[in-house]
1. Just checking, which of VAL71, VAL11, VAL92, VAL51 is at negative phi, in contact with a helix residue (DSSP H, G or I) (Cβ under 7 Å, 6 or more places away or on another chain), in contact (Cβ under 8 Å) with a residue 40 or more places away in the chain and within 11 Å of the ligand (Cβ to nearest atom)?
2. Determine which member of the set LEU150, LEU187, LEU140 is crowded, with 19+ Cβ neighbours inside 10 Å, within 20 Å of MET82 (Cα to Cα) and in contact (Cβ under 8 Å) with a residue 24 or more places away in the chain.
3. Out of the stretch 152-203, which residues are among the charged types (D, E, K, R) and in contact with a Gly (Cβ under 8 Å, 6 or more places away or on another chain)?
4. When you check ASP170 against the structure, is it surrounded by 18 or more Cβ atoms within 10 Å (Cβ to Cβ), free of Cβ contacts under 8 Å to residues at least 60 places away in the same chain and under 19 Å from ASP5 (Cβ atoms), yes or no?
5. Applying the selection to the stretch 163-192, what residues are over 18 Å from LEU214 (Cα atoms) and in contact with a Lys or Arg (Cβ under 8 Å, 6 or more places away or on another chain)?
Amino acid sequence: NKSNDYEGLKVLVTAGPTREPIDPVRYISNHSSGKMGYAVAKAALERGACVKLVTGPVNIAPPPGAEVVCVTTAVEMHNEVMKSYGDFDIIVMVAAVADYRCASVAERKIKKSGEKLTLELVKNPDIAAELGKVKGSRILVGFSAETDNLLENAALKLASKNMDMIVANDVTMEGAGFGVDTNIVKLIKRDGSRIDLPVMSKEGVAHRILDEVLSIKNG
Ligand code: PMT
C-alpha cells in the first residue's frame with residue numbers, strides 16, 4: 001500500500017443500493033452488495049484518509065475507522081450527502097441510487113386484486129449531478145454501471161454531472177459488477193484520457209481509483 005499518501009485528506013464515499021418503498025412490506029431496489037463502495041472506503045482509510053461512508057442497506061461490515069451513516073432511500077442518501085459534502089476534499093459515488101421512487105407509498109399492504117397493477121414512479125434527486133454544480137475544487141468521482149454502450153454512456157455522465165473521473169463498469173461481464181468480489185472497469189478522466197484495468201479484486205480497483213484521484217489532485 002501507498003503508506004500514508006491520503007493523510008490529511010477527507011473522503012466521502014457512497015455505497016450500496018437504495019430501497020424505495022412501495023408499501024410497508026415491499027420495495028424497489030437493485031443488486032448492489034456494497035462491496036465496491038466499502039472497498040473504496042477501506043482503501044482510503046489504509047492510506048491515511050479520514051473517511052465517511054454513506055451506505056444503503058447491505059449485509060457486509062463497514063471498514064473499521066470509517067464514520068458510517070446508514071440510509072435507506074435515495075432521498076435520505078441525497079439529504080445526508082448534501083449536508084456533509086462541504087467538509088470533504090474527495091467524493092466517490094459508488095452507490096447504485098434508484099433513479100425513481102413511488103409517487104406515493106401505500107400506508108397499508110397492497111392487496112392482490114386485478115390482473116394488472118400499475119405503480120407510478122417519480123424521479124429521485126440525482127446526487128452526483130447536484131454535487132457537480134456545487135463541488136468547487138473538490139474532486140468528484142462517479143461510477144457508471146452499464147449494460148450497453150459503456151464508453152459513450154460513461155462519458156456522457158462524466159460530462160453532464162461535471163465529474164473529474166468516472167469509473168465505467170460493464171455489469172454484463174463475468175467477474176464484474178454487482179455482488180462479486182472482483183471488478184473490471186475503465187477509468188475515464190475529464191481530459192478524455194482512459195485507463196483500462198484488467199479483472200482485479202474490488203480492493204485492487206479501489207486503490208487504482210485512489211491513485212488516479214491523487215494524480216488529478218496534484219495536477
Ligand atoms: O455494490 P457492488 O455489489 O460491489 O456492485 C458495484 C456496483 C456495480 C454497484 C458499482 O461498481 C457501480 O457501478 N456503481 C454505480 C451504479 C449506478 O447506479 O450507476 P449509474 O450509472 O446509474 O449512476 C451514475 C453515477 O451517478 C453513480 O456515481 C451514482 O452513484 C450517481 N447517481 C445516480 C443516480 C442518482 N439518483 N444519484 C446519483 O448520485
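Taken together, the values in this text are just the output of simple stated rules run on the coordinates, not laboratory data. Since this is a predicted model, take the numbers as computed values, not measurements. In this analysis, Cβ positions are derived from the backbone assuming ideal geometry, glycine residues included, and neighbour counts consider all displayed protein chains.
1. Exactly one of VAL71, VAL11, VAL92, VAL51 is at negative phi, in contact with a helix residue (DSSP H, G or I) (Cβ under 7 Å, 6 or more places away or on another chain), in contact (Cβ under 8 Å) with a residue 40 or more places away in the chain and within 11 Å of the ligand (Cβ to nearest atom), namely VAL92.
2. Within the list LEU150, LEU187, LEU140, the selection yields LEU140.
3. LYS157, LYS161, ASP170
4. Taking the combined requirement at face value, the residue does not satisfy it.
5. Listed by number, the residues that qualify are ALA168, GLY179, VAL180, ASP181, THR182, ASN183.
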